[in-house]
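Note sheet for the following structure.
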Amino acid sequence: MSKRSAVAALAAGAMVVVLTACGSGGGGSADKGSGGNSPGGKLVVGFSQVGAESGWRTANTKSVQESAKKAGIELKFSDAQQKQENQIKAIRSFIQQKVDVIAFSPVVESGWDTVLKEAKDAHIPVVLTDRAVDSKDESLYASFLGSDFVEEGRAAGDWLVKEYAAGSGEVNIVQLEGTTGSAPANDRKSGFADAVKGQPKFKIVASQTGDFTRAKGKEVMQAFLKSQPKIDVLYAHNDDMALGAIQAIEEAGKKPGTDIKIVSVDGVKDALTAMSQGKINFDVECNPLLGDQLMDLVKKVKAGEQVPRRIKTEEGTFTPEQAAAALPNRQY
Ligand code: GYE
């Protein structure tokens, strides 16, 4: 599936490279045993997912589950509902069950050292996927597979700089931030700030978290519209918040994409549809289809093979024309 989406995006003129490595072996029934190299030699992986907060996340979960099945890996899946304490509990339970490998997407960057040390002491390797941790001790995890969120933020900012080229007046920006303390919120914010810094005409007049959800994106945008007399641009850290904000803007009698320009991140189908209707002006792609690469990584880690510390997903960007061209083949 990742290959197909890459082809679609390439056809649309966006630069998308998905490094895919398919696992082998058939699917099969789940092993309810105490885990760890279950009978039949099936690899058991404990996977702690952030939640189901966005279209990106839903696509990511589906990709991981389908790829595990395809690779003949038993996946113990746990949804943390955007709470770190739930992820810590899930990881402890995976340790108890003696899974072969633990994979997880950390909801926030800080506060993982203790539980990761517990996994290390139990000799269970950990692979990070999608989001990073800020642990200084690199021996606490084997590898990190995911996007470069700083680059994504920078791409959003670079677009803005081009859009408002020399001569244009003051540009008031409101920012919808992702989950507080999460790697994509921290990095998309800093990458964007970096791209517009040194150009005083760009003013971030309000910035608040919308927790990566549509409902919160709408709510916070409503508040921005009330408190800010002039908003030129909305920068949303993900598409779901942008889509919620679009509703708020329309309900306030304004035209999204025209009265307020919108730049967002993810590139999910609903956002590409909104783009083709002129409601989002620029979207930076973040690829959720990490399943095949993750399963390949997990197998290598379990086999004791050398793996890269950091595996980056390469991504592109969408203009409205590119979005319209990519839409018919978009999988998520
Ligand atoms: O952009 C957002 C999701 O971590 C890259 O999490 C992911 C982000 C994604 O909720 O939609």
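Points to keep in mind about this one:
- Qualifying residue in region 182-196 (condition: within 11 Å of the ligand (Cβ to nearest atom), in the same structural domain as A236 (by TED's automatic domain parsing), among the hydroxyl-bearing types (S, T, Y) and at pLDDT 95 or above): yes
- As for region 168-175, it holds no residue that is within 15 Å of the ligand (Cβ to nearest atom) and charged (D, E, K, R).
- Matching strands (runs of 3 or more DSSP E) fully within region 36-116 where at least 1 residues are more than 27 Å from K136 (Cα to Cα) and over 19 Å from the mean Cα position of the chain (by Cα): 44-49, 74-79
- Within region 256-286, tally of residues that are within 13 Å of the ligand (Cβ to nearest atom) and touching a strand residue (DSSP E or B) at 6+ places or on another chain (Cβ under 8 Å): 9
- Residue match in region 195-212 (condition: part of a helix (DSSP H, G or I) and at negative phi): yes
- Subset tally (residues that are within 23 Å of K218 (Cα to Cα), in a loop (DSSP other than H, G, I, E, B) and in contact with a Lys or Arg (Cβ under 9 Å, 6 or more places away or on another chain)) for region 158-194: 2
- If you filter region 224-255 down to residues that are under 19 Å from K201 (Cα atoms) and in contact (Cβ under 8 Å) with a residue 60 or more places away in the chain, you find that the one that is nearest to the ligand (Cβ to nearest atom) is Y235.
- Odd one out for D130, checked against (1) surrounded by fewer than 21 Cβ atoms within 10 Å (Cβ to Cβ); (2) among the charged types (D, E, K, R); (3) on the phi > 0 side of the Ramachandran plot: (1)
- The criterion of at least 3 residues that are crowded, with 23+ Cβ neighbours inside 10 Å and aliphatic (A, V, I, L, M) is met by the following helices (runs of 4 or more DSSP H) wholly inside region 229-332: 239-251, 269-276, 291-302.
- Odd one out for L243 among (1) out of contact with any Ser or Thr (no Cβ under 7 Å at 6 or more places or on another chain); (2) outside the structural domain of T179 (by TED's automatic domain parsing): (2)
Residue-by-condition table, conditions (1) away from the ligand (no atom under 16 Å from the Cβ); (2) modelled with pLDDT under 95; (3) under 30 Å from K203 (Cβ atoms); (4) surrounded by 20 or more Cβ atoms within 10 Å (Cβ to Cβ):
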residue	(1), (2), (3), (4)
K89	yes, no, no, no
S93	yes, no, no, no
V108	no, no, yes, yes
D121	yes, no, no, no
Y141	yes, no, no, yes
G153	no, no, yes, yes
T180	no, no, yes, no
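- Residue match in region 59-79 (condition: free of Cβ contacts under 8 Å to residues at least 40 places away in the same chain and within 16 Å of the ligand (Cβ to nearest atom)): yes
- Every residue from region 272-289 that is among the small types (G, A, S) and touching a residue at least 40 places away in the same chain (Cβ under 8 Å): S276, G278
- Exclusive hit being out of contact with any Pro (no Cβ under 7 Å at 6 or more places or on another chain), within 19 Å of V133 (Cβ to Cβ) and of a type outside the set (S, T, Y), set I73, I88: I88
The values are calculated or read from the model by the stated rules, or taken from the named source; none is laboratory data. Values in this document were obtained by computation on a predicted structure and should not be read as measured data. Note: ideal-geometry Cβ built from the backbone for every residue, glycine included; neighbour counts use all protein chains shown.
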